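Engineer: Attaching a single structure in structure tokens format; questions to follow.
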Amino acid sequence: MGRVRDHNEDALLLDEGLGLYAVADGMGGHAAGEVASQLTLEIVARTVREHFGRAEQLLANPGSREAAREVQRLLDDAALSACAAVHESGQAEESRRGMGTTLSVLMVVGSQGFIAHVGDSRVYLLRDGKQHQLTQDHTLQNELLRRGKLTPAQVA
């Protein structure tokens, strides 16, 4: 729970059997952010569980680029399915219209890690005491920065 809201809209997924770890941060102030975050993680977990064979291909052949691409596609498909489910749920019930969440997912398959992410909750790698940002924020502000339409000084 943050400083503004009186309830927590975040959800956490830890599934060591699948090597699947995720955080969904319900968008504060939007309708049913806590519903969006929980639904998102349920869909991600279900999608990965149902299609885990794609990850098992990589376990059987760790050097296979195609198997690695399949794991990344699996995570991308899971994120897209979750986005669609949140949108549909928001359209189906008036009190949930506009609900949303960020999503940050890590899946570890053998010695390889794969990420999927939506929104402005970042994924970092901590190695040798140094932090490396692995994702870019999906925001209008970041897109304008990336395109050179805004400067870092203007953003500050």
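Engineer: Give the residue that is most open to solvent (accessible area, probe 1.4 Å), with candidates limited to residues of the stretch 105-137 that are under 11 Å from the mean Cα position of the chain (by Cα) and free of Cβ contacts under 8 Å to residues at least 40 places away in the same chain.
Structural biologist: Arg122
Engineer: Looking at (1) in contact (Cβ under 8 Å) with a residue 24 or more places away in the chain; (2) open to solvent by 20 Å² or more (accessible area, probe 1.4 Å); (3) farther than 21 Å from Thr135 by Cβ; (4) assigned to a helix (DSSP H, G or I), which one does Pro62 not meet, given that it meets all the others?
Structural biologist: If we test Pro62 against (1) in contact (Cβ under 8 Å) with a residue 24 or more places away in the chain; (2) open to solvent by 20 Å² or more (accessible area, probe 1.4 Å); (3) farther than 21 Å from Thr135 by Cβ; (4) assigned to a helix (DSSP H, G or I), just (4) comes out false.
Engineer: Also: Which numbered condition trips up Gln57, out of (1) part of a helix (DSSP H, G or I); (2) in contact (Cβ under 8 Å) with a residue 40 or more places away in the chain?
Structural biologist: Going through (1) part of a helix (DSSP H, G or I); (2) in contact (Cβ under 8 Å) with a residue 40 or more places away in the chain one by one, Gln57 breaks only (2).
Engineer: Within the stretch 69-104, how many residues turn out to be open to solvent by less than 10 Å² (accessible area, probe 1.4 Å), part of a helix (DSSP H, G or I) and touching a helix residue (DSSP H, G or I) at 6+ places or on another chain (Cβ under 6 Å)?
Structural biologist: 5
Engineer: Further question: So, in the stretch 79-108, exactly how many residues are under 22 Å from Gln133 (Cα atoms) and at pLDDT 95 or above?
Structural biologist: Selection size over the stretch 79-108: 7.
The values are calculated or read from the model by the stated rules, or taken from the named source; none is laboratory data. Only a predicted model underlies this, so the values are computations on that prediction, with no experimental measurement involved. So basically every Cβ, Gly included, is an ideal-geometry build from the backbone, and we count neighbours across all protein chains shown. These area figures cover heavy atoms from the full protein model, side chains too; ligands, DNA and RNA do not enter into them. Shrake-Rupley method; radii C 1.70, N 1.55, O 1.52, S 1.80 Å.
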